[in-house]
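The values are calculated or read from the model by the stated rules, or taken from the named source; none is laboratory data. Keep in mind it's a predicted model, so treat the numbers as computed, not measured. Backbone-built Cβ (ideal geometry, glycine too); neighbour counts: all protein chains shown. Heads up: the accessible areas ignore ligands, DNA and RNA and are worked out on the full protein's heavy atoms, side chains in. Shrake-Rupley method; radii C 1.70, N 1.55, O 1.52, S 1.80 Å.
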Amino acid sequence: MTNSDHPSQPAGSHLGALPAPGTPPDHSILTPAFKKLCDVIARLRSPEGCPWDREQTLESIKPYTLEETYELLEAIDSGDDQHIIEELGDLLLQIVLDSQIAADEGRFDLTHVVDRLTQKMIERHPHVFGDVNAETPAEVRKNWDQIKEQEKQRRSIFDGLPTALPALARAARVAEKAAKVGYDFPHRDMLFDKLREEIQELADEIYPGGKIPDTPATVEADVIADTELNDPELRLRVEGELGDILFVVANIARRWKINPEEALRKSNRKFQKRVEKIEQELERAGRSIQEASLQEMEEIYQSVKQQERQNSSQP
C-alpha cells in the first residue's frame, strides 16, 4: 500500500545543516534521493510490484490525497518537525504516485508536472523574474489574479474555485471572490447586524412568532429530547437559514483575516481533547463516561478549561 504503510528510514536521518533562506536544497543530495523515490514508486506499479498500488487509478487515489493533506495540516499545528517531515513525504508520495499512474496510462509523467509548475511560477512572479514592480503582498496578489485570469480565460469570477473544498472554506473563498469586484459590506462590523438578521430568520422558521425562548445554557436542567422536523418543506427552509448563518460566520472570519476552516478544526480538536480528559478522569476513578451524569462531566470539563487558562497565562 502507499499511504505511508511502506517501511522507510527515520525522518531526517541524512540531513545536515540547513542552508540560508532562499537557497535551494543541495542537489547532490536531493537528486539521488528523489530518483530513488521515483524508482520505488515505479517498482510498486510494475508487474512485479504491489497488487494494491498496481490497481490504483487517478480516481481511486483521490481520497488518500485529501486524507494526507489534512494529516499534514494537523502535523503543522503540532509544531513537531519530524511529524511534518513525515506528512510532507506522504503528500509528495501522492504526487509522484499520481504522476506514475498517468505515465502508465500514457497520459503524462512527472517531468511534465514539474516543467509546468516551474514555468507557471516564473510567469506568475514577473516582479521577481521580469520587470514588473510589486512592493507589497497585496500588489503581488493583484498581479497573480490578473495573470491567472488571462491564462484561464475565465468567464466568471468563480471559475477555477475547487468544488471539493470543504463548505466553510469555500464560503470564505466565494465571498472573497465577490469582494474583489466590490460586492462586499462597506464596513466589516455590518456583518454582525447581518448575522443577527440571519439568526432571526432561522428563529422565524423554528419558533412561533420567531421568538427564541430565554433558556439559559446550564446542565442543571431536565433533559428534553430533540424532535424531528417532519415537514420536508420546513426542513429545507431551516437548512437554508442555517447555511446562511454559517456563510455570514465565514465572512466574519474572512474580514478579520481568519481562516474559518482552520478555526473550526482547532475548536473541534480543543473540544475533543477536553472530552478525552473527562474520559481519563473518570477512568482513573474506575468509571466509564457512559456511567457519569451530565453534571459530573461538566464539572470536569470546566476544570480542564480552567487548567488550560492557567497554563496559557504562565510565562
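Select from L242, Q314, A253 the residue farthest towards the positive end of the dipole of region 186-315; place +1 on Cβ of Lys and Arg, -1 on Cβ of Asp and Glu, and compute about the Cα centre.
Q314
Heads up, I need the accessible area for L30: 1.4 angstrom probe, whole protein in place, Å², nearest 10.
Looks like 70 Å² after rounding.
Using a 1.4 angstrom probe with every protein chain in place, what is the largest-first accessible-area order of L58, L282, L88?
L88, L58, L282
Just how large is the dipole of the chain about the Cα centre, in debye to the nearest 20, putting +1 at every Lys and Arg Cβ and -1 at every Asp and Glu Cβ?
Dipole size: approximately 1200 debye.
Give me the accessible area per residue for region 46-141, probe 1.4 Å, as a whole number in Å².
Per residue, region 46-141 has an accessible area of 63 Å².
Which one of I84, F271, I122 has its Cα pushed farthest toward the positive end of the charge dipole of the chain, where Lys and Arg give +1 and Asp and Glu give -1 at the Cβ?
My answer, from the dipole projection, is I122.
Of F34, Q94, A225, which is farthest along the charge dipole of the chain in the positive direction, counting Lys and Arg as +1 and Asp and Glu as -1 at C-beta?
It is F34.
Run the simple label-point estimate for D193 and A134 please: 7 Å along Cα→C-beta, distance reported in nm.
3.6
Could you name the lysines whose alpha carbon sits less than 20 Å from that of K211, not counting residues in the same chain fewer than 8 places away?
K194
If you take the beta carbon distance between V181 and V113 as r and set R0 to 35 Å, what does 1/(1 + (r/R0)^6) give as a FRET efficiency, to the nearest 0.05?
0.60
Under the rule a/c < 1.5 gives rounded, and otherwise a/b versus b/c splits prolate from oblate, where does region 26-104 land using the Cα gyration tensor?
Oblate, since a/c reaches 1.5 and b/c is not below a/b.
Using a 1.4 Å probe and ignoring any ligands, DNA or RNA, find the accessible area of F192 and quote it in Å² to the nearest 10.
Rounded to the nearest 10, that gives 80 Å².
Which of T215, T69, T118 ends up with the largest GNM mean-square fluctuation for the chain, with Cα atoms connected below 10 Å?
Of the options given, T215 has the highest mean-square fluctuation.
Compute the accessible area per residue over region 157-315, keeping the other protein chains in place, probe 1.4 Å, unit Å².
73
Just to confirm the number: angle between the C-alpha axis of helix 137-152 and the first principal axis of the chain, 0 to 90 degrees, nearest 10?
Once rounded, one gets 70 degrees.
Could you work out what % of the accessible surface of the chain is carbon and sulfur, using a 1.4 angstrom probe and leaving DNA, RNA and ligands out of the count?
Result for the chain: 56 percent of the exposed heavy-atom area is carbon or sulfur.
Under 18 Å between alpha carbons, and skipping anything fewer than 8 positions from K35 in its own chain: which lysines qualify?
none
With axes computed from alpha carbons, what is the tilt in degrees of helix 110-123 against the longest principal axis of the chain, rounded to the nearest 10 within 0 to 90?
Between helix and principal axis, roughly 70 degrees.
Between the helical axis of 27-45 and the dominant principal axis of the chain, each derived from Cα atoms, what acute angle in degrees is found, rounded to the nearest 10?
80
Placing +1 at every Lys and Arg Cβ and -1 at every Asp and Glu Cβ, with all other atoms neutral, what dipole size does region 149-209 have around its Cα centre, in debye to the nearest 20?
So the magnitude is around 440 debye.
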